[in-house]
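Comments concern the structure below.
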Amino acid sequence: MGVHPVNALDELRGWKAPGWNGLRALVTGLGVTGFSAADTLAELGAEVIVVDAKSSEKKQNDAETLRIVGVKGIRFGEEATSSIRHFADGAAPDLVITSPGWRPDSALISAAAEAGVPVWSDIQLAHRLGPRPEALAARGAPVWLTVTGTNGKTTTVSLLEQMLIADGRRAAACGNIGMPILDAVRDPEGFDALAVELSSFQLHYTEPLDATASAVLNIAEDHVDWHGTRQSYAADKAKIYERTRVACVYNAADAATGHMVAGADVVEGCRAISFAADTPEMSQLGLVLSEDGAAGEDGGGILVDRAYLDNRRHEAIELATLADFNGLAPKHLVENALAAAALARAAGVAPESVRAGIRAYEAGDHRIQPIAKQDGILWVNDSKATNPHAARASLAAFGEVVWIAGGLPKGMDYDELVESVGGRLRHVILLGTDSSQLAASLARHAPQVPVTAGFDGEDGEQAMAEAVAAAHRQAQPGQTVLLSPAAASMDQFASYAARGEAFIRAVAAMIDHDDE
């Protein structure tokens with residue numbers, strides 16, 4: 001068949017487009033994303049081959065399932081991932097569907113670009129397909145509400161999902177969180193709304209999504225190794241605003257997100273709506289403090305909407321109070337809730353449903369997760385903070401902190417982080433096989449803070465246990481021991497989740513020992 005001309009691929013829209021049948025599609029990676037893409041393409045009648053550099057028992061089982069549903073071939077090994085020419089006659093595929101982790105400069109993606117083969121994310125495939133015909137007839141097309149940013153995406157999307165459900169919508173959090181988006185569009189019942197988390201990787205391989213509302217929560221240096229430059233990283237994030245129809249939501253405290261909105265090509269009539277954990281201006285959602293200026297746990301702070309009402313110049317709508325959050329309500333969580341509310345309100349969600357969604361929300365594991373309190377010391381697991389921007393948000397939520405930090409730094413600069421939080425630090429415990437970059441920043445910008453290092457063994461479980469014991473020796477009543485690494489985990493752990501679980505086990509063992 002050969003490579004489809006670009007205009008033919010443009011016609012691949014909807015489940016009944018004739019071009020899907022016989023399309024030669026190469027899927028990279030047999031993780032959750034790759035499996036859903038291959039399964040979908042096989043259902044459409046495409047000729048599908050999947051490649052993955054590494055095999056595992058789960059992948060072999062998934063491969064057998066895909067063969068049953070008609071996937072032509074699944075090939076493992078480094079050699080399989082270096083070429084796009086896997087079809088019988090040695091021809092290139094018509095289309096590559098890639099998993100998010102595949103860098104643009106990888107051998108396979110580079111080969112596709114050289115051969116003129118389009119590379120799509122699973123998000124783009126889902127956007128082209130839309131809901132199944134029977135679901136479309138029953139419910140109509142779902143509202144897409146899209147979220148990206150360096151930090152806070154999962155929290156915001158989870159809050160948004162709860163707000164939509166509280167409003168009586170059949171909704172799903174999907175994309176880079178929870179349900180693969182292709183599973184959402186294939187659901188025979190369909191959805192009224194999709195809360196879609198998007199990584200910069202996914203956006204790189206995705207066309208404009210025509211979302212009802214879209215948001216960039218914040219931008220900080222991250223994944224520069226994948227994108228090449230911070231500018232390229234930001235440009236991929238900014239793609240989320242293209243062709244947005246009702247509201248482009250941005251962070252009033254992060255000027256870069258506002259610049260993205262200003263430069264976006266949106267549908268005429270689309271509004272710029274900002275959020276801020278401060279008294280809101282017109283066309284903004286914000287936080288009004290109590291008369292004494294405190295946003296304490298007594299509920300004195302009120303989340304309000306001055307955007308989605310006619311008389312927004314003089315009035316505001318109460319959405320929720322800080323008392324509606326379960327437990328801690330640090331600034332970053334309030335900001336995430338305001339961003340979710342801005343997206344929900346763009347889709348017509350009622351104010352009382354915003355409040356109900358916040359009340360129903362339960363924080364995910366490993367993100368500012370209180371795990372124990374003993375002798376007046378709070379122990380908090382924030383292992384998901386894999387970059388300085390995320391760590392800064394969690395450190396800002398507490399007064400006096402014994403900070404457990406470090407890991408694989410990914411070329412990050414820690415100077416700005418240490419400068420901003422140095423006054424809160426009472427002791428730093430350095431974890432990770434090479435914490436020299438963070439140690440140097442601490443020496444330059446917080447020389448008054450004592451540092452304990454040496455927890456650098458490759459046995460992550462042992463290193464974490466020793467780091468927790470050291471933190472226990474240093475912490476005083478009224479302080480917080482915070483694991484917020486500001487670095488990736490792969491030097492000592494399989495994932496940030498594994499690192500967080502190791503921390504939880506070490507704290508539990510330490511407390512059990514004290515109680516004996």
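Is there a residue being within 16 Å of V147 (Cα to Cα) and in contact with a Pro (Cβ under 8 Å, 6 or more places away or on another chain) anywhere in segment 231-242?
Narrowing segment 231-242 to residues within 16 Å of V147 (Cα to Cα): 233-242.
This time we only want the ones that are in contact with a Pro (Cβ under 8 Å, 6 or more places away or on another chain), so: 239, 242.
Taking every residue of segment 231-242 in turn, at least one turns out to be within 16 Å of V147 (Cα to Cα) and in contact with a Pro (Cβ under 8 Å, 6 or more places away or on another chain).
Can you tell me which residues in segment 102-148 are assigned to a loop (DSSP other than H, G, I, E, B) and among the basic types (K, R)? Break it down into steps so the answer makes sense when it comes.
We begin by selecting, within segment 102-148, every residue assigned to a loop (DSSP other than H, G, I, E, B); these are 102-106, 116-118, 130-132, 140-142.
R103, R132, listed by residue number.
List every residue pair whose Cβ atoms lie under 9 Å apart, where the two residues are 6 or more positions apart in sequence or sit on different chains, the first residue falls within segment 426-454 and is free of Cβ contacts under 8 Å to residues at least 40 places away in the same chain and open to solvent by less than 20 Å² (accessible area, probe 1.4 Å), and the second residue, located anywhere, is of a type in the set (D, E) and assigned to a loop (DSSP other than H, G, I, E, B).
Partner pairs satisfying both residue conditions: L430/D456; S441/D413.
Within segment 110-157, can you find the residues that are under 17 Å from A363 (Cβ atoms), polar (S, T, N, Q) and open to solvent by less than 30 Å² (accessible area, probe 1.4 Å)?
N151, T155, T156
Could you tell me which numbered condition L319 fails, if it satisfies all but one of (1) under 27 Å from S394 (Cα atoms); (2) surrounded by fewer than 19 Cβ atoms within 10 Å (Cβ to Cβ); (3) touching a Pro at 6+ places or on another chain (Cβ under 8 Å)?
Result: L319 fails condition (2) only.
Looking at S121, S106, which one is without any contact (Cβ under 8 Å) to a residue 40 or more places away in the chain and among the hydroxyl-bearing types (S, T, Y)?
On the way: S121 fails: without any contact (Cβ under 8 Å) to a residue 40 or more places away in the chain.
Step by step, each of S121, S106 is checked, and only S106 is without any contact (Cβ under 8 Å) to a residue 40 or more places away in the chain and among the hydroxyl-bearing types (S, T, Y).
Scan segment 249-265 and give yes if some residue there is small (G, A, S), more than 29 Å from A391 (Cα to Cα), open to solvent by 40 Å² or more (accessible area, probe 1.4 Å) and modelled with pLDDT of 95 or more, otherwise no. Steps first, answer last, please.
Start the filter on segment 249-265 by keeping residues that are small (G, A, S), which leaves 252-253, 255-256, 258, 262-264.
Narrowing further to those that are more than 29 Å from A391 (Cα to Cα): 263-264.
This time we only want the ones that are open to solvent by 40 Å² or more (accessible area, probe 1.4 Å), so: 263.
Among the residues that remain, those that are also modelled with pLDDT of 95 or more are: 263.
The answer is yes; a qualifying residue exists.
Answer with yes or no whether G500 is under 21 Å from H389 (Cβ atoms), in contact (Cβ under 8 Å) with a residue 40 or more places away in the chain and buried (at least 18 other Cβ atoms within 10 Å of the Cβ). Spell out the reasoning first.
Numbers: under 21 Å from H389 (Cβ atoms): yes; in contact (Cβ under 8 Å) with a residue 40 or more places away in the chain: yes; buried (at least 18 other Cβ atoms within 10 Å of the Cβ): yes.
So G500 passes the test.
Of (1) more than 19 Å from V249 (Cα to Cα); (2) buried (at least 19 other Cβ atoms within 10 Å of the Cβ); (3) of a type outside the set (G, A, S), V349 satisfies all except one. Which?
(1)
All but one of (1) farther than 30 Å from R505 by Cα; (2) under 25 Å from the mean Cα position of the chain (by Cα); (3) open to solvent by 40 Å² or more (accessible area, probe 1.4 Å) hold for D365, so report the exception by its number.
Result: D365 fails condition (1) only.
Can you list residue pairs whose Cβ atoms sit under 8 Å apart, with the first residue in segment 467-492 being farther than 11 Å from A405 by Cα and touching a residue at least 12 places away in the same chain (Cβ under 8 Å) and the second being of a type in the set (F, W, Y) and open to solvent by 10 Å² or more (accessible area, probe 1.4 Å)? Count only pairs 6 or more apart in sequence or on different chains.
So the pair list comes out as A470/F455; T480/F398.
Are any of the residues in segment 385-392 at pLDDT 95 or above, part of a helix (DSSP H, G or I) and surrounded by 24 or more Cβ atoms within 10 Å (Cβ to Cβ)? Step through it out loud before you land on a result.
Keep residues of segment 385-392 that are at pLDDT 95 or above, which gives none.
Within segment 385-392 (the criterion being at pLDDT 95 or above, part of a helix (DSSP H, G or I) and surrounded by 24 or more Cβ atoms within 10 Å (Cβ to Cβ)), the answer is no, since none of the residues qualifies.
From the list G454, G432, which one is more than 31 Å from the chain's Cα centre (by Cα), modelled with pLDDT under 95 and within 19 Å of F503 (Cβ to Cβ)?
Working: G432 fails: more than 31 Å from the chain's Cα centre (by Cα).
Answer to the selection: G454.
For A391, which of the numbered conditions (1) small (G, A, S); (2) out of contact with any strand residue (DSSP E or B) (no Cβ under 9 Å at 6 or more places or on another chain); (3) closer than 15 Å to L482 by Cβ fails to hold?
Looking at each condition in turn, A391 falls short on (2).
List the strands (runs of 3 or more DSSP E) that sit entirely inside segment 149-217 and contain at least 2 residues that are more than 24 Å from S274 (Cβ to Cβ), of a type outside the set (G, A, S) and over 17 Å from the mean Cα position of the chain (by Cα). Spell out the reasoning first.
On the way: elements: 171-175, 193-197, 213-216.
Filter on segment 149-217 gives an empty set.
Which residue is modelled with the lowest pLDDT, if the candidates are limited to segment 288-316 and must be crowded, with 19+ Cβ neighbours inside 10 Å, in a loop (DSSP other than H, G, I, E, B) and touching a strand residue (DSSP E or B) at 6+ places or on another chain (Cβ under 7 Å)?
This residue is A295.
If you check A272 against the conditions, is it in a loop (DSSP other than H, G, I, E, B), touching a strand residue (DSSP E or B) at 6+ places or on another chain (Cβ under 6 Å) and either modelled with pLDDT of 95 or more or open to solvent by less than 50 Å² (accessible area, probe 1.4 Å) (or both)? Let's see the steps before the verdict.
On the way: in a loop (DSSP other than H, G, I, E, B): no; touching a strand residue (DSSP E or B) at 6+ places or on another chain (Cβ under 6 Å): yes; either modelled with pLDDT of 95 or more or open to solvent by less than 50 Å² (accessible area, probe 1.4 Å) (or both): yes.
Judged against the criteria, A272 is not a match.
Open to solvent by less than 10 Å² (accessible area, probe 1.4 Å), in contact with a helix residue (DSSP H, G or I) (Cβ under 6 Å, 6 or more places away or on another chain) and closer than 16 Å to E362 by Cα: which single residue out of A329, A344, A340 fits that description? Quick ask: steps written out before the conclusion?
On the way: A329 fails: open to solvent by less than 10 Å² (accessible area, probe 1.4 Å); A344 fails: closer than 16 Å to E362 by Cα.
So the residue among A329, A344, A340 that is open to solvent by less than 10 Å² (accessible area, probe 1.4 Å), in contact with a helix residue (DSSP H, G or I) (Cβ under 6 Å, 6 or more places away or on another chain) and closer than 16 Å to E362 by Cα is A340.
Condition test on A372, is it surrounded by fewer than 17 Cβ atoms within 10 Å (Cβ to Cβ), out of contact with any Cys (no Cβ under 7 Å at 6 or more places or on another chain), of a type in the set (A, V, I, L, M) and within 30 Å of A498 (Cα to Cα)? Explain how you work it out, then say what you get.
On the way: surrounded by fewer than 17 Cβ atoms within 10 Å (Cβ to Cβ): yes; out of contact with any Cys (no Cβ under 7 Å at 6 or more places or on another chain): yes; of a type in the set (A, V, I, L, M): yes; within 30 Å of A498 (Cα to Cα): yes.
Yes.
The values are calculated or read from the model by the stated rules, or taken from the named source; none is laboratory data. Here the structure is a predicted model, which means the values were calculated and not measured. Neighbour counts are summed over all protein chains in view; Cβ atoms, including those assigned to glycine, are modelled from backbone coordinates with ideal geometry. Calculation scope for accessible area: heavy atoms of the full protein, side chains included, ligands and nucleic acids excluded. Shrake-Rupley method; radii C 1.70, N 1.55, O 1.52, S 1.80 Å.
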